[in-house]
Structure formats: C-alpha cells, structure tokens
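All remarks here apply to the structure that follows.
The values are calculated or read from the model by the stated rules, or taken from the named source; none is laboratory data. Bear in mind the structure is a predicted one, so any value in this text is a computation, not a measurement. Using ideal geometry, Cβ is built from the backbone for each residue, glycine included, and neighbour counts are taken over all protein chains shown.
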C-alpha cells in the first residue's frame, strides 16, 4: 500500500508473497516480492517518492540477521530515504490495537499470539507450524476433522457428518491422503476443511463439536499465555482476535471469548481497529509505540538510485 498523507489517499498493489525470512533464500524471495508489489505503485506515483518503506515479513522475529539484510536490499532497490523490517505479527498487532500495548491472537491456517507490553516487553506464543504447534488453528481443526472422517470410514470411530463432508470436498476417502498433499501445502488444504467442521458442529454433530470446543480452549490458552508474559500500563490489557478463522462465527468465537474472559485476568476483549497494512503505516510514521524496539530501521546516507524502468529486471542478490 502506498499512502499519501497529504490527501490520505491510498493505492494498493497485491502480488504473491514469500515463504518467510528464515526459509532458504528467504531474503531473496522477500526482496523480489516487495519489488514486484512496490514498483508499479511508484511508477504510478510519478515524480512523488515516498519517505519510507516498512515491511512486515514472516520469520523476521526468528531471523534478525535476515531482517537486517532485507533492509539493506530495500535501500538498494527502492528510492526511499528509510527502510524498515519487522515481523508480520508485529504489524498485525500494531494495526489491530492502534499501536497500543496488548495481545493480538491471529488465527487462520496457523495460530499465534503476540503480546507487547507498555514497557516494550514482547511475547510470542505458538506459531510453531502445523507439525509442532499452531494449536487450535484452521489446519489443526481441519486435520482433526479429516482424521475423524477417516476413523468413521474405517469403523474405528463414531459416526459423524464429517465423513460425508470430506467426501463432498475431496472425493473418495481412500484417496484422501493424496488429495490433502497434492498442492504441496497440506496445512493449507487441511485448513480448507475447517469451515465444514464448524458447520457440522453448528448443526449438532458431537464429533465436530468436540473438535471446535478443543480448538477454542487451545486458542484461549495461547492468548492467555501471551498476556501473562507482558506488562500492562495499569489498566485492563486489551485483547483482539484477528484472522480468517474468525469467519467460522459464534460456534468457535463464543467459547473462545468466554474462556479468555473467564480466567480472572485483567483483560478487555475488543474488536480489531485495523489490519496489518494499517499497522505497517503506523510503525513507519511513529517511533514512540511500544513496538519500536522490534523494528529494524535504517536511514539512507547516500542519495537514492532512480527507480528502474519496467524493462529493467530486479537486481540480483
């Protein structure tokens, strides 16, 4: 998103993302993705050149050296005075809570809670991926639903509407393992079944209801663990829940919010104020938020190079 504070206008460009800075060639992939998204916006802007660029990148928290390398690459590639990189979880947090302290539980294919205290204290809970963590996530709900469907198919588990739902979505149960792994991202494919689990639970299916109830308990514990590890400013700590899994509706959100509210901690559930792009803009402009120490920020000491023409390929890494 290119934001012009003079008239509050916004221009948006969207491209395929990158796997994360900690992945092999993660910096190169992120660099290419940022250039692909940003350069069309800069060309449309004409002579106007932005003051800064801030990127929320997956893996930045666990790979600070890679985050710094990406900052340097962005200063080489883009005609900006300042480049900054932080975790995508941090930009999501800043957007959801308007740059204030608190906890943001982000739930989608994966699940992670980020807590940032008034003193800059930082806690990241879960987000360990579908093999070792992401408890309560879309991938976990979908996987549990598909496992229950196969157990019913085998006669090893109770009958459940999830078997018919799995057949409708993926076809022959005998080919389900191949279907889940066919696109190279089994977690994402499994997560596509989470809405079916939620629908079955909402209709009263006992197996599906137990899966969703367990997911809500796991997600609540993730958020509460983050809240325990940060410092509040003396008042109730705000907690916001964001991400695509919130679209499952009350069947998940009602037990989740009840568990977060019912544990006796001084927490205040609230709706998200904005999205990660809002958070990135805020962090690019404001260095006084509790997030400041989590942002790798470098200001240019030499004049920026001209923006490449469309025929110029991205610089090699």
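Quick notes on this structure:
- Close pairs from region 159-178: first outside the structural domain of residue 201 (by TED's automatic domain parsing) and closer than 15 Å to residue 205 by Cβ, partner part of a helix (DSSP H, G or I) and at pLDDT below 90, Cβ under 9 Å, at least 6 apart: none
- Residue match in region 64-82 (condition: under 24 Å from residue 287 (Cβ atoms), at pLDDT below 95 and assigned to a strand (DSSP E or B)): yes
- When every residue of region 117-131 is checked against the conditions, at least one turns out to be in contact with a strand residue (DSSP E or B) (Cβ under 7 Å, 6 or more places away or on another chain), assigned by TED's automatic domain parsing to the domain that holds residue 253, within 24 Å of residue 255 (Cα to Cα) and modelled with pLDDT under 90.
- Answer residue from region 104-151, given it is in a helix (DSSP H, G or I) and free of Cβ contacts under 8 Å to residues at least 12 places away in the same chain and is surrounded by the most Cβ atoms within 10 Å (Cβ to Cβ) among those: 151
- Lone qualifier among 60, 47 - being at pLDDT below 95, under 18 Å from the mean Cα position of the chain (by Cα) and assigned to a loop (DSSP other than H, G, I, E, B): 60
- Strands (runs of 3 or more DSSP E) contained in region 235-299 and holding at least 2 residues surrounded by fewer than 20 Cβ atoms within 10 Å (Cβ to Cβ) and in contact with a helix residue (DSSP H, G or I) (Cβ under 9 Å, 6 or more places away or on another chain): 267-269, 296-299
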